[in-house]
Amino acid sequence: MKAIGAIGLLTILLSPPSFAADEVGVATGYPPYQFDIAGEITGFDVAVARAVFDRMNEPLDLQQYDWDDVVGLLRFGEIDIAAGMEITQERLPYFAFSQPYYARETVIFVRDEASAAETVADLTGKKITGDRQSELENQLKALGIYSSMRVMHTASKQEAMSRLLAGEVEAVIMPLQVGKYLAQQQHGKVRVLWRPHDKTEVAFAVRRGNQQRLQGINQALATLEADGTLEKLRDEWFKQAD
């Protein structure tokens, strides 16, 4: 019995450690960044997450939710990481961010027709939809315009674009590349009503205090930036939205 016990202990000691895969949350319906095709999770942020975890030689468990759920699940520790989160002042008390790996420009889209709004002031009293806690939303609030709009939220960007093209809302707030991608996908014509030209940095987010995980992600991102992998992925995914 003692010999068997010793052998068993030796086997345990010599076996490589096994790690549970980090659950990384991404959004549904957020092309070209995070979406799915025929049930397969894909997009720019997904490609970067896979490259990062490959570089760290660690398993990756990608899970899709509505974006508001991704944020809530990360805040309460139900998932480990969120990919592609914009770094905003509202989120800093709850999350720690990796180094940014790109920046998004958020704009206001309207239908490309004569009856559509010509200025932001034309949206007063109108129904619009868009991102929560986006920097563009904050700028509208600073200008004193946001409170005069009738703002509604949708479960996905596809739904928001569908409502715009159907005339159910006057405008949508969303990242430039997302709107261009979805309008093309839905065979609709839109134009940019307003663009502040400020871009918001985007990164991986973890709960505050998880510095060890952030260090590994940052090291992987630095390597992927240096060897040209991130630039190649940016070209590949953002050309698809042009």
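The values are calculated or read from the model by the stated rules, or taken from the named source; none is laboratory data. The shown structure was predicted, so the numbers you read here are calculated from the model rather than taken from an experiment. Counting neighbours? That spans all protein chains shown, and the Cβs are built from the backbone with ideal geometry, glycine included. Remember, those area values only see protein heavy atoms, side chains included, never the ligands or the DNA or RNA. Shrake-Rupley method; radii C 1.70, N 1.55, O 1.52, S 1.80 Å.
Go over the candidates GLN158, GLN212 one by one and state the one that is closer than 30 Å to GLU118 by Cβ, open to solvent by 30 Å² or more (accessible area, probe 1.4 Å) and polar (S, T, N, Q). Steps first, answer last, please.
Values: GLN212 fails: closer than 30 Å to GLU118 by Cβ.
Only one candidate qualifies: GLN158.
Can you tell me which residue within the stretch 60-97, out of those that are without any contact (Cβ under 8 Å) to a residue 60 or more places away in the chain and aliphatic (A, V, I, L, M), is surrounded by the fewest Cβ atoms within 10 Å (Cβ to Cβ)?
Looking at residues that are without any contact (Cβ under 8 Å) to a residue 60 or more places away in the chain and aliphatic (A, V, I, L, M), I get LEU92.
Take the stretch 215-224 and flag every residue that is open to solvent by 40 Å² or more (accessible area, probe 1.4 Å) and either closer than 14 Å to ASP54 by Cα or in contact with a Ser or Thr (Cβ under 6 Å, 6 or more places away or on another chain) (or both).
Of everything in the stretch 215-224, those that are open to solvent by 40 Å² or more (accessible area, probe 1.4 Å) and either closer than 14 Å to ASP54 by Cα or in contact with a Ser or Thr (Cβ under 6 Å, 6 or more places away or on another chain) (or both) turn out to be ASN218, GLN219, ALA222, THR223.
I'd like the full set of residues that are among the acidic types (Asp, Glu) and over 11 Å from LEU224 (Cβ atoms), limited to the stretch 37-70.
Result: GLU40, ASP45, GLU58, ASP61, ASP66, ASP68, ASP69.
Scanning for something surrounded by 16 or more Cβ atoms within 10 Å (Cβ to Cβ), hydroxyl-bearing (Ser, Thr, Tyr) and part of a helix (DSSP H, G or I), does the stretch 181-198 turn up at least one residue?
Checked against the condition, which is being surrounded by 16 or more Cβ atoms within 10 Å (Cβ to Cβ), hydroxyl-bearing (Ser, Thr, Tyr) and part of a helix (DSSP H, G or I), the stretch 181-198 yields at least one hit.
Just to verify a result, which residue in the stretch 28-59, among those that are acidic (Asp, Glu) and surrounded by fewer than 23 Cβ atoms within 10 Å (Cβ to Cβ), is modelled with the lowest pLDDT? Break it down stepwise before answering.
Applying the first criterion (acidic (Asp, Glu)) to the stretch 28-59 yields 36, 40, 45, 54, 58.
If we keep only those that are surrounded by fewer than 23 Cβ atoms within 10 Å (Cβ to Cβ) as well, we get 36, 40, 54, 58.
Details: ASP36: 92, GLU40: 95, ASP54: 97, GLU58: 95.
Top of the filtered list is ASP36.
Condition check: at pLDDT below 95 and either in a loop (DSSP other than H, G, I, E, B) or buried (at least 17 other Cβ atoms within 10 Å of the Cβ) (or both). Does GLN133 satisfy that?
yes
Checking GLU118 against (1) open to solvent by 40 Å² or more (accessible area, probe 1.4 Å); (2) touching a strand residue (DSSP E or B) at 6+ places or on another chain (Cβ under 7 Å); (3) within 26 Å of GLN184 (Cβ to Cβ); (4) at pLDDT 80 or above, only one condition comes out false. Which one?
Only one criterion is unmet by GLU118, namely (2).
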